[in-house]
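The values are calculated or read from the model by the stated rules, or taken from the named source; none is laboratory data. These numbers were taken from a predicted model, which means no experiment stands behind them. Cβ atoms come from the backbone with ideal geometry, glycine included; neighbour counts cover every protein chain shown. With ligands, DNA and RNA removed, areas are computed over all heavy atoms of the protein, side chains included. Shrake-Rupley method; radii C 1.70, N 1.55, O 1.52, S 1.80 Å.
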Amino acid sequence: MQWEKVELAARMQNYIRDHCMDADFTMDALYEAAGYSRRHACRIFKELMDKTPEEYVRAVQMTASAESLIKTDSTILDIALDTDFESHEGYTRAFNKLFGTTPSRYRHGQVPIPLFVQYPIQHYYSYLKQKEIQEMENQSNTPQERESSQSICTVTVIHKPTRKLLVMYAQKAHDYFSFCEEMSCEWEGLFNSIPNRLETAALMTLPPSLHPEGTTETAAGVELPEDIDITVPEGCTLLSLPPCDYLYFQSPPYEKEEDYCIAIESVFQASQTYRPERFGYAYAPELAPSVNFGADTLTGGCIALPVKKL
């Protein structure tokens, strides 16, 4: 029954992602695509997503409008009209209520805002399912059998220069989902709203030198240019990172959203069996953050681990 609910919410998510910016988009069409009554679809969606479909659609549309402010030269009025507002003033009020700043200030200043991220609902439930499967396999399979089940991953050495790190610490979390439970998932949209970031926002494992007492090694962060001038959001800290080499482990793309955890697991398994010493490197987690970029269907899973030359 739970997976039936997940599949219903996923169908609605997919329809919203593909069509909510269409000129002829309607909520009735969304409920028709869901295949259930409006009342039933609303109840299940709110139960799993913590937003009504209307609230979810508006958050997606407002985030798209914020991206237009950065990526296009359209006037704020034109963007407001494209986002189904009748006036510049109405759009500005809604933007300020949702993001805590005005469209003009976001467009012209380095003000991070909590862009809404459409996390596929299958990811969390796939994570729970994968944990059960992994526990059973760890009990029944030999190390050789577990190693033989890995997917092929590419490994690339990338040098990173001196840079800044905008980071959000946790006090209890030790993985992605526990971090989101403690700190909420808004960190990803907030960090990715910074136009000139060097990478996408990611979950990180920090060396002891980079996280203060009372926090865990697990944090969320985004790398920024060394000379960036930015308003540091409340609850975040801006750090300096020295130059460092990284090994990037990248899995192949995948088709089904429920394979999210498999893609992540494959890159972690690859990093555990990879021997960088053969190519003149050694893992150096004490030098810089280890980075988990997550996974999506188009690019697969990706992690980056700091290394030093031997």
| the chain - charge dipole about Cα centre, Lys and Arg +1 at Cβ, Asp and Glu -1, debye rounded to 20 | 460
| Heavy atoms of His108 accessible to a 1.4 Å probe, total area in Å² rounded to 10 | 150
| remark: When the charge dipole of the chain is computed with +1 at the Cβ of Lys and Arg and -1 at the Cβ of Asp and Glu, the Cα pointing farthest to the positive end, of Ala59, Leu241, Tyr176, is that of Leu241
| Across Lys172/Lys309; Lys5/Lys172; Lys160/Lys308; Lys46/Lys97; Lys164/Lys308; Lys51/Lys172, pairs whose alpha-carbon gap is larger than 23 Å | Lys172/Lys309; Lys5/Lys172; Lys51/Lys172
| remark: Mean 1/r over distinct Cα pairs of the chain, inverted to a Kirkwood Rh in Å, yields 21.4
| field | Estimated dipole of the range 3-108 in Debye, rounded to 20 [Cβ of Lys and Arg +1, of Asp and Glu -1, Cα centre] | value | 480
| note | Excluding ligands, DNA and RNA, the carbon-plus-sulfur percentage of the accessible area of the chain with a 1.4 Å probe reads 51
| request: Quote the charge dipole size of the range 154-309 about the Cα centre in Debye, to the nearest 20; the model charges only the Cβ of Lys and Arg (+1) and of Asp and Glu (-1). | output: 700
| So what's the back-of-envelope 222 nm ellipticity for the chain, counting only DSSP H runs of four-plus at -39500 (n - 2.57) apiece and dividing by all residues, rounded to 500? | -13500 deg cm²/dmol
| the chain - accessible surface per residue (Å², probe 1.4 Å) | 54
| task | Mind listing the long-range amide H neighbours of Cys244? Cut-off is under 5 Å, sequence gap 5 or more, other chains count too, H placed in the peptide plane at 1.01 Å from N. | result | Lys160
| Could you give me the ³J(HN,Hα) list for the range 100-107, computed from phi with Karplus coefficients 6.51, -1.76, 1.60 and θ = phi - 60°, whole Hz, x at Gly and Pro? | x, 7, 8, x, 5, 5, 5, 5
| task | Would you grab the residues whose amide H sits under 5 Å from the one on Leu198? Only those 5+ places off in sequence or on another chain, please, with H modelled 1.01 Å from N. | result | Glu223, Leu224
